[in-house]
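Working notes for the structure below.
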Amino acid sequence: MKATMEKLVNLCKGRGIIFPGSEIYGGMGNTWDYGPVGVEIKNNLKRAWWKRFVQESDNSFGVDAAILMNSRVWEASGHTTSFTDPKMDCKNCKTRHRADNLIEMHSKGAVNPDTMTNEEMEKYIKDNHVCCPKCGKSDFTPIRTFNLMFETSRGVTEEGQNKIYLRPETAQGEFVNFLNVQRSSRAKVPFGIAQIGKAFRNEITPGNFIFRTIEFEQMEHQWFCKEGTDVAFYEDFKKKAYDFLLDLGFNAEHLRFKDHDKLAHYAKCACDIQYLFPIGWSELNGIHNRTNYDLSRHSEFSGKAMEYLDPVTNEKYVPYVVEYSIGADRLMLATLTEAYDEETLENGEIRVVMHFHPAVAAYKAAVLPLQKAQGEKARQVYKLLSKSFMCTYDEAGSIGKRYRRQDEIGTPFCITIDFDTLNDETVTIRDRDSMQQIRLPISELTSYISSKIAF
Ligand code: ATP
């Protein structure tokens, strides 16, 4: 794997994929803005996920719930009391750390802090002289638990203000709409509810580019099923989540499953799929068997019975939930890492190329007139292709330079319009990966490209 975080950040900035947030004001730590190329790639990833888990699913339905929810939702879900991380400050350089991360880093993964209490973590850090990664001193404050939810308030007058939260996950929007979706869609258990949307977490240690940010997008799918069938569906979703990544072009050697050692008290089993990011193996997505905890809690707190009446057996029950959750931005980072390549060409030059799955690439084709004289024809071809896909047009610089620019953003096809095009209505189409060129009539371009970009 050739990508480093530094190379990715530089490429993303230079090529309009991702920019630092609020940059002209000196930035706003750990916020990032997607540029013209990045927004296309991210949208394509979200589209591919939606296609796979909603469109092609037998029985899944989409929702787009409000980010701001009734605060009782977060009491029912347990977030107001237990959505916390163990925070420690370095007394010397005043940087803030997560105790569990310090232990993981110090032991190089040999010690699992997930199974430790706060007291045990403090003792481990003291006994083993775990040092601050910034200043090297081992002098920390005691652990304080820190709630990761962003608070805000609503109401027009000071007195009328009510505390509300920016949602820290999208999942609750699916749970609270269980009855609405089931009834309006006449859905029969087992069925799924999916959502893509923003989530916000006041992370103690955000960073590593878009790996961990305070505002991010999640793609979550809750599968409601009957107790007893949950174990098989859990395995099924592990496979589906893994296959989705393979189909996007991920190398199986860069993916692995990791079971959770410490389960939430309600969870029956949980695992992550980890990816070999430039920072090492880290969580890309999670699959959780959440039992009937979520719906039961919402029944209890809302007073509405979150039950399903089986129309065949007349049995009434609270469904179990298998959750599959993946961050769109984390998937973006994994996709960028996986696609990045540096090839040494015959003339010794280095070609940076992003080998995205064509369905993911921002532009499916770049239209490049060889000379200004072919500009008008090239514009016509661009207009024609733009009716079917996102395309780009470039007439600046040598053709070699223009190819390199497209390689760096992973455009799968470059179409050159040359002198012959004006006479015979054919163009040259260059394949990004093999750099092979073939000649095709303009009239066949749309169907040729369409056949190559399907997901
Ligand atoms: P982590 O252990 O990395 O904090 P988590 O286990 O808290 O993640 P979940 O709550 O299961 O994560 O969230 C589901 C997915 O959302 C994660 O697998 C990840 O892809 C994404 N995600 C979670 N937190 C962030 C974040 N701060 N920034 C970007 N993506 C995130």
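The values are calculated or read from the model by the stated rules, or taken from the named source; none is laboratory data. From a predicted model like this one, the values you see are computed outputs, not experimental measurements. With ideal geometry, Cβ positions are generated from the backbone for all residues, glycine too; neighbour counts draw on all protein chains shown. Remember, those area values only see protein heavy atoms, side chains included, never the ligands or the DNA or RNA. Shrake-Rupley method; radii C 1.70, N 1.55, O 1.52, S 1.80 Å.
General observations
- Filtered residues of segment 279-297 (kept if away from the ligand (no atom under 15 Å from the Cβ), outside any helix (DSSP H, G or I) and on the phi < 0 side of the Ramachandran plot): Asn292
- Among the candidates Tyr25, Tyr34, residue that is free of Cβ contacts under 8 Å to residues at least 60 places away in the same chain and crowded, with 18+ Cβ neighbours inside 10 Å: Tyr34
So that you can scan it fast, the table gives a plain yes or no per residue for (1) in contact with an Asp or Glu (Cβ under 7 Å, 6 or more places away or on another chain); (2) in contact (Cβ under 8 Å) with a residue 40 or more places away in the chain:
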| residue | (1), (2) |
| --- | --- |
| Glu338 | no, yes |
| Glu346 | no, no |
| Met354 | yes, yes |
| His357 | no, yes |
| Pro369 | yes, yes |
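- Leading residue by the ranking (nearest to Asn292 (Cα to Cα)) among those in segment 243-277 that are aromatic (Phe, Trp, Tyr) and open to solvent by 20 Å² or more (accessible area, probe 1.4 Å): Tyr266
- Looking across segment 46-78, the residues that are under 22 Å from the mean Cα position of the chain (by Cα) and closer than 30 Å to Thr152 by Cβ come down to Lys46, Trp49, Trp50, Phe61, Gly62, Val63, Asp64, Ala65, Ala66, Ile67, Leu68.
- Flag if Thr81 is more than 19 Å from Phe178 (Cα to Cα) and surrounded by fewer than 13 Cβ atoms within 10 Å (Cβ to Cβ): yes
- Selection status of Glu300, within 8 Å of the ligand (Cβ to nearest atom), open to solvent by 20 Å² or more (accessible area, probe 1.4 Å), of a type in the set (Asp, Glu) and modelled with pLDDT of 95 or more: no
- Candidates in segment 139-151 are the residues that are over 9 Å from Lys91 (Cα atoms) and not hydrophobic (A, V, I, L, M, F, W, C); of these, the one that is most open to solvent (accessible area, probe 1.4 Å) is Arg144.
- The residue list Ile193, Ile164, Ile210 contains one member that is within 11 Å of the ligand (Cβ to nearest atom) and not aromatic (Phe, Trp, Tyr), which is Ile210.
- In segment 144-240, counting only strands (runs of 3 or more DSSP E) that sit wholly within it, the ones holding 2 or more residues that are without any contact (Cβ under 8 Å) to a residue 60 or more places away in the chain and farther than 21 Å from Gly286 by Cα span 151-154.
- Scope segment 263-289; condition among the polar types (S, T, N, Q) and without any contact (Cβ under 8 Å) to a residue 24 or more places away in the chain; matching residues: Gln274
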